[in-house]
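Scroll down for the structure; my scribbles are underneath it.
The values are calculated or read from the model by the stated rules, or taken from the named source; none is laboratory data. In this text the structure is predicted, and so the values were computed from the model without any measurement. Cβ sites come from the backbone with ideal geometry, for glycine too, and all protein chains shown count toward neighbours. All accessible areas refer to the heavy atoms of the entire protein, side chains included, with ligands and DNA or RNA removed. Shrake-Rupley method; radii C 1.70, N 1.55, O 1.52, S 1.80 Å.
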Amino acid sequence: MTARAKPLFAANWKMFKGPLEAEEFAGSFSSLYAAHPDRRVAFFPPAISLEAFVRATEQRPDLEAGIQDVHEEVDGAHTGAISALMAAQVGLTWALAGHSERRREFGDDDALVSAKVCRILDSGLKPIVCIGETLEEREAGMLSEVLERQIRAVLASVDGEPLTWAYEPVWAIGTGLTASPDDAGEAHEIVREAIRGGGGGELADSAVILYGGSVKPGNIEQLMAVPGVDGVLVGGASLDPETFASICACSLGAR
Ligand code: PEP
């Protein structure tokens, strides 16, 4: 991570919270969490709730927002889909690509994820590229191979733009299992080396790499102390304003 990049605390709400609940959350969270100038906080509500969330946080420019997924094309006859350019019009900063639930449930493979990352960059939004291995892949000793394959596919499609990545071991998402600090540190090192291999030293040094997988108030400080962990992507524990506020306000120690 460059000296200028601040740790990022990102909330993935998945298919939870319609516009009314998103607005209500924004009010509660704003009163529980005071802006910390040394970190960034971003929310990924369902697409239908984005406008309500952005409106409800107008007075809080420190609270950023992003979309959970975009279509891989600029526009067209794709009923139900949303393009990155449309998402950018709502006043967002970020867009996720390649979340494991998209890969598993909707067939987002490496080629599709790469195409989505390109559309996100074209739109002016910042992509967070999610990568990670399944339990079977980890047990088969394929951790490096899987991460390298996912990373190289994206790097081969973009033009050297610095990217934010989220390393999320699939077996730790929504399961209550968290990678140990050693496991997270090892995986983040593999990710940074794979970026170095696929895109060069400058890209690797400037890459922001988040950890995701059952992050909660009880493990956030341990995870943020791992060298190479530049922030977190939080699912379940981001749905409650008090819980997520305590994660975002965690001590960053000597970072
Ligand atoms: C996620 O959805 O990206 C995630 C990490 O979920 P959870 O924190 O619930 O494991």
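Take the convex hull of the alpha carbons in segment 187-255; its mean projected area over all directions comes to 4.9 nm².
The listed peptides 197-205, 60-68, ordered by packing as a protection proxy, come out as 60-68, 197-205 (highest mean of other Cβ atoms within 10 Å first). Spacing of the modelled spin labels on residue 111 and residue 31, each 7 Å from Cα toward Cβ, amounts to 5.2 nm.
Over the chain, the alpha carbon radius of gyration divided by the compact-protein estimate 2.2 N^0.38 Å works out to 0.94. The residues of segment 26-87 expose on average 49 square angstrom of accessible surface per residue, using a 1.4 Å probe on protein heavy atoms.
Each Cα pair under 8 Å and six or more residues apart adds its sequence gap; the mean of these over the residue count of segment 1-83 is a relative contact order of 31 percent.
Accessible surface computed residue by residue for segment 106-255, with neighbouring protein chains in place and a 1.4 Å probe, gives 40 Å² per residue. For segment 53-123, the convex hull drawn through the C-alpha positions has a volume of 101 cubic angstrom per residue. The length gained by stretching the chain between residue 74 and residue 242 to full extension, at 0.36 nm per residue less their Cα-Cα distance, is 56.7 nm.
Report, to the nearest whole %, how much of the accessible area of segment 155-225 belongs to carbon and sulfur atoms, 1.4 Å probe, protein only. The computed percentage sits at 48.
Across the chain, the mean sequence separation of Cα contacts (distance under 8 Å, 6 or more residues apart), normalised by length, yields a relative contact order of 20 percent. Take every pair of alpha-carbon atoms less than 8 Å apart whose residues are at least six positions apart; their mean separation over the length of segment 37-167 yields a relative contact order of 21 percent. With no solvent and one equal point scatterer per Cα, compute the Debye intensity ratio I(q)/I(0) for segment 66-217 at 0.12, 0.13, 0.14 Å⁻¹ and report its log10, rounded to two decimals. Debye intensities relative to I(0), on a log10 scale: -0.48, -0.57, -0.66.
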